[in-house]
Amino acid sequence: MVEETARRIIQNVQAVIVGKGEAIELALIALLCEGHVLLEDVPGIGKTTMAKAISRSLGCSFQRIQFTPDLLPSDVTGITYFNQKAQDFEFRAGPVMSQILLADEINRATPRTQSALLEAMQERQVTVDGNTMSLPRPFLVLATQNPIELEGTFPLPEAQIDRFLLKIKLGYPTEKEENDILVRFEQGDPLEGLGSVTTPQELLEIQTAVRQVRVEDSVREYIVRIARATREHPSVALGVSPRGTMALYRTSQARAAIRGRPYVIPDDVKALASYVLTHRIIIDPQTRLRGRTTQEVVMDVVDQVPVPVETL
């Protein structure tokens, strides 16, 4: 059931997005794990378009927040106001009270506003004026951000970036893909006619099914060793937290389910390690000055940890 539903969603999104099959699959993996996705790249690559295409394919309620430096936390969560007609205080829900939330250019808002999403992303609830309200399910934050080197951006705090299950970079299209984009959008925007191929209830069912994917003891120990190795690597100042270990475990289950397997293999773990762990570690300044990236350090760790071998 998971494999068939995933195939429908990916094919539907690819009717709009050209040549980003891996990124679409990764976003779907996050959805199946009830996680959140951070899409990072330069403007104009298609981050917002992909987020919209995914939301329309899922048949879920959708809201978009355009993050700007003057955005307030209440613009995200909602406010309590006095209704003079009813002579009572009422809550006006913010955009966060939706199933799919597109946080567009999240790092253009101030840290105070960015933190308004922390409770929603981790606990699936918001608290306004002492009142706590649960968010609808499924709940997914698709956040886009421009590289922090660009003007007018605020780096996300570690506490928030750790709450993103996956960090994905789309990258520039190939020459053929860029030509295909022009052809596809020549007569109009295909996003306008995109319909849903699943329902929220079906998504909840396959989210439950993903948790049943079997992880052998040797593979689970392999995941733990990778996470612990990031904390001991000489180039790492801050290693992966236990939340990161759990994220690698859950995403490996989802990848196996999408591929039609009821069990996880080490290749699932290796394929996802870069996307799950890179944004969760901080490398020391000397390593950064030598031109090494966090992604290179994570791949070093994965290469150094022995892969479990099946014994007959």
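Tabulated data for the structure shown
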read-out: Elements of type helices (runs of 4 or more DSSP H) contained in region 181-258, each with 3 or more residues being surrounded by 21 or more Cβ atoms within 10 Å (Cβ to Cβ) and among the polar types (S, T, N, Q); value: 242-258
read-out: Of all residues in region 160-176 being over 20 Å from the mean Cα position of the chain (by Cα) and at pLDDT below 90, the one that is nearest to Glu22 (Cα to Cα); value: Pro173
read-out: Per-region count, region 59-101, residues of a type in the set (A, V, I, L, M) and surrounded by fewer than 18 Cβ atoms within 10 Å (Cβ to Cβ); value: 4
read-out: Filtered residues of region 182-197 (kept if of a type in the set (Val, Ile, Thr) and within 17 Å of Ala51 (Cα to Cα)); value: Val197
read-out: Residues of region 262-297 satisfying the condition of being in contact with a Leu (Cβ under 7 Å, 6 or more places away or on another chain) and aromatic (Phe, Trp, Tyr); value: Tyr275
read-out: Options Val297, Val302, Val309, Val269: the member that is part of a helix (DSSP H, G or I) and either within 14 Å of Ala237 (Cβ to Cβ) or modelled with pLDDT under 90 (or both); value: Val297
read-out: Residue satisfying all of: in region 119-134; loosely packed, with under 14 Cβ neighbours inside 10 Å and within 21 Å of Leu165 (Cα to Cα); nearest to the chain's Cα centre (by Cα) among these; value: Glu123
read-out: Residue list for region 11-42, restricted to those being assigned to a loop (DSSP other than H, G, I, E, B), in contact with a Lys or Arg (Cβ under 9 Å, 6 or more places away or on another chain) and among the hydrophobic types (A, V, I, L, M, F, W, C); value: Ala15, Val16, Val18, Cys33
read-out: Selection status of Arg137, surrounded by fewer than 17 Cβ atoms within 10 Å (Cβ to Cβ), within 18 Å of Pro69 (Cα to Cα) and out of contact with any His (no Cβ under 9 Å at 6 or more places or on another chain); value: no
read-out: Test: residue in region 277-284 that is farther than 30 Å from Glu123 by Cα and in contact with a strand residue (DSSP E or B) (Cβ under 6 Å, 6 or more places away or on another chain); value: yes
read-out: Selection status of Ile258, closer than 30 Å to Arg292 by Cα and either over 22 Å from the mean Cα position of the chain (by Cα) or of a type in the set (Val, Ile, Thr) (or both); value: no
read-out: Candidates Pro234, Pro266, filtered to the one that is in contact with a Pro (Cβ under 7 Å, 6 or more places away or on another chain) and either in contact (Cβ under 8 Å) with a residue 40 or more places away in the chain or not hydrophobic (A, V, I, L, M, F, W, C) (or both); value: Pro266
read-out: Test set (1) part of a strand (DSSP E or B); (2) under 22 Å from Ala23 (Cβ atoms); (3) not aliphatic (A, V, I, L, M) - Arg56 fails condition number; value: (1)
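Table: residues versus (1) charged (D, E, K, R); (2) farther than 25 Å from Ile10 by Cβ.
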residue	(1), (2)
Tyr222	no, yes
Ile226	no, yes
Glu232	yes, yes
Arg255	yes, no
Ile265	no, no
Ala271	no, no
Val276	no, no
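The values are calculated or read from the model by the stated rules, or taken from the named source; none is laboratory data. What you are looking at is a predicted structure, and each value in this text was computed from that prediction instead of being measured. So basically every Cβ, Gly included, is an ideal-geometry build from the backbone, and we count neighbours across all protein chains shown.
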